[in-house]
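The structure appears right after this line, and notes come after that.
Each value in this text was obtained by applying a stated rule to the coordinates, not by laboratory testing. All values reported here derive from a predicted model rather than from experimental measurement. Cβ placement follows ideal geometry from the backbone for every residue including glycine, while neighbour counts extend to all protein chains displayed.
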Amino acid sequence: MIAFKWIYATGVLLSYGLLCAFFIQRHLQREFSRKAQVAGFVNAGESLSVCVVAYASQTGQAEELAFQTARFLHDGGESVRLVSLGELTSEKLQQCRRLLCIASTYGEGDAPDSAAPFVSKVMQSRPLNLTGLEFAVLALGDSSYKHFCGFGRAVFHRLQSCGARPLFDLVEVDSRANDRSSKGIETWRQGLMRVLEIEKIQWRDTQVFSPWLIRARKHLNPHSSGREVHHIELVPADGEVLPDWQAGDLVQLEVPGVPGALRDYSIASIPQDGAVHLLVRLAVREDGSAGLASGWLTQRAILNDRVQLRIRTHPAFRMAENTARPLLLIGNGTGLAGLRAHLRARFNERVLNQDIPLSSTWLIFGERHAQFDSYYREEIDDWIKQDLLSRADLVFSRDQPQRRYVQHVLAECASDVREWVEQGAAIYVCGSLKGMAAEVDAQLKQTLGEDAVKQLSLNGRYRRDVY
């Protein structure tokens, strides 16, 4: 009997090891494929004497534009190296001859998470001598925030103050602008063509739009004191094959009747579901009118209406090397969409591999009222009953006299959070930037320590999709 238990335990551990190896190998293969594609731009090995295109991206938009920039330069005969801005130290920056930086701004003027090392090692370091560097900065931002393009502007001024010479003025792009062929991006392209003496060549999008149909729509929170939230399902039109994506990715759609008006949404499903699922809250503008995209999706569109859409990869919120780790998923409101995709991906692997141990998963989610705003509650309850979801703390802010939010759950469960992190857990946060994300970040730093949270982010174990 003892021998049998020993053999069984050994088999379980071996299976778990094989699962980890499988996911790590699959991740490395994907990374190799992506880097091999990028390496096609590089004609000078790892040298920084070529034109370096660096990106600081929170949602993937800056990375996509950096990829387009690198390909544009490569097509024009330039030797290019594409890197994350976070990879550039002071020493590496001093080796650069020419730097093109595409920088997103996160929140009120902050750097994207991936750029934290650049901020500490370059932006906040002693003055550097960069007199041998030529540079240009494409700053991405949202004009609804006070510090529009704050991080991109800060990078531009820091490089200039260190003696680097700008190739042309700072170029800014407003994500609120309803223009697919943004004037800012055209200014960027024209500037590159002029100073680098590139002949007129095509600027190619990395991902193209295609027609999709609304297959289903359901109002999830009738009678709620909050704005309407709808579950929406979309499928490719004209019998086209469903494209591939990963949990954590986004869709970008063009609002029908408003050419060039683009909006991004977190995908709430996986390809095995047979459709792209969205969780959309109706946005209301200051004049009382409905938001362009959310108004069309939740109110004006009918079943089988068409919309131009494309999948946007979002590497910063994918599972990557965290696939076999314990997961702590934190979110509020429609942020449940991105978390649901990760839950469905993890539990789908369990269905396919029932003999392999499933790592623990803890969901902390917040909304207004349990009676009206419990999105996907039956799904969550089923996962708990099936021992797929280890723990779920659902907090509803209006169900008691004193408001209570997800950050309060984190504070109350601080010892559990520390224990999960010590056991290797990765933390994913999805939902509103204003309020929730900042409060969760502050509470995690209080519970784990600021240095520990910074290290989790650097190691890819603290990832955020906030808006």
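What GluC sites (Glu not before Pro) in the stretch 62-111 are in a loop by DSSP, with at most 14 other Cβ atoms within 10 Å of the Cβ?
Those satisfying the criteria are E108.
What is the spin-label model distance, in nm, from D387 to V208 if the labels are put 7 Å beyond Cα along the C-beta direction?
The modelled label-to-label distance comes out at 5.0 nm.
Within a Cβ distance under 9 Å of A139, other residues only, what is the Lys/Arg minus Asp/Glu net charge?
Overall, the nearby charge balance is 0.
Provide the gained length on full extension for the span A414 to S120, in nm with one decimal, where the gain is 0.36 nm per separating residue minus the Cα-Cα distance.
Working it through step by step, the gained length comes to 103.1 nm.
Can you show me the helix-derived [θ] at 222 nm for the chain, built from DSSP H runs with n ≥ 4 at -39,500 (n - 2.57) apiece and divided by the number of residues, rounded to the nearest 500.
On the way: 12 runs with 150 residues, N = 467.
Calculated mean residue ellipticity at 222 nm is -10000 deg cm²/dmol.
For a quick check: sort K434, K385 by the number of other beta carbons within 10 angstrom, fewest at the front.
Least crowded to most crowded, the residues run K385, K434.
Compute the long axis of helix 183-195 from its Cα atoms, compare it with the longest principal axis of the Cα atoms of the chain, and write down the angle in degrees, 0 to 90, nearest 10.
40
Counting only residues 5 or more places away or on other chains, whose amide H sits under 5 Å from the amide H of R98 once H atoms are built in the peptide plane?
Result for R98 returns V52, E134.
Applying the Karplus parametrisation 6.51 cos²θ - 1.76 cosθ + 1.60 with θ = phi - 60° to the phi angles of the stretch 275-291, what ³J(HN,Hα) value in whole Hz is obtained for each residue in order, glycine and proline being reported as x?
Karplus-based 3J(HN,Hα) across the stretch 275-291 equals 6, 7, 9, 10, 10, 10, 9, 5, 8, 10, 7, 4, 7, x, 7, 6, x Hz.
Distance between the C-alpha centers of the stretch 392-467 and the stretch 351-377? Whole Å please.
16
Report, to the nearest 10°, how far helix 438-448 tilts away from the longest principal axis of the Cα atoms in the chain, using its own Cα long axis and a range of 0 to 90°.
For helix 438-448, the angle is close to 70 degrees.
Near the amide H of D305, under 5 Å away, which other amide H atoms are found, from residues 5 or more places off or on another chain, if H is placed in the peptide plane?
Residues meeting the criterion, in which the H sits 1.01 Å from N, are I214.
Please list, in order, the residues from the stretch 83-120 whose amide nitrogen is less than 14 Å from a point placed 7 Å along the Cα→Cβ vector of S161.
Residues 119-120 qualify, since their backbone N sits under 14 Å from the label point.
What angle do you read, to the nearest 10 degrees and between 0 and 90, between the alpha-carbon axis of helix 150-161 and the longest principal axis of the chain?
Long axis of 150-161 versus the principal axis of the chain: about 30 degrees.
Among residues other than D373 whose Cβ falls under 13 Å from its Cβ, what is the net charge (Lys/Arg +1, Asp/Glu -1)?
Here the count lands on +2.
I'd like the antiparallel share, as a percent to the nearest 5, of DSSP beta bridges with both residues in the chain.
Percent antiparallel among DSSP bridges in the chain is about 40.
What list of ³J(HN,Hα) values in whole Hz, one per residue of the stretch 339-355 in order, does the Karplus curve 6.51 cos²θ - 1.76 cosθ + 1.60 (θ = phi - 60°) give from phi, with Gly and Pro shown as x?
Those phi angles translate into 6, 4, 4, 5, 5, 5, 5, 5, 6, 5, 4, 5, 4, 6, 9, 5, 7 Hz.
Pop the C-beta distance of I302 and E378 into the FRET formula with R0 = 35 Å and round what comes out to the nearest 0.05.
With R0 = 35 Å, the Cβ-Cβ based efficiency is 0.85.
Taking 0.36 nm per residue of sequence separation and subtracting the Cα-Cα distance, how much length would be gained by fully extending the chain between S225 and R350, in nm to one decimal?
Contour length minus Cα-Cα distance gives 41.3 nm.
What is the total of Lys pairs in the chain with C-alpha atoms under 16 Å apart, excluding same-chain pairs fewer than 8 positions apart?
Values: K92/K121; K121/K454; K146/K434; K445/K454.
Total qualifying Lys-Lys pairs in the chain comes to 4.
With a 10 Å Cβ neighbour count serving as the proxy for reagent exposure, in which order, fewest first, do T313, T59 appear?
Exposure proxy ranking, most exposed first: T313, T59.
Taking θ = phi - 60°, what integer Hz values does the Karplus form 6.51 cos²θ - 1.76 cosθ + 1.60 yield along the stretch 248-264, in sequence order, with x for Gly and Pro?
x, 6, 10, 10, 10, 10, 9, 5, x, x, 10, x, x, 7, 10, 9, 9
Counting only residues 5 or more places away or on other chains, whose amide H sits under 5 Å from the amide H of L82 once H atoms are built in the peptide plane?
V53
Once the other residues with Cβ under 14 Å from the Cβ of S225 are scored (Lys, Arg +1; Asp, Glu -1), what is the net sum?
+1
So how do T323, T105, T89 line up by other beta-carbon neighbours within 10 Å, fewest first?
In order of increasing Cβ crowding within 10 Å: T89, T323, T105.
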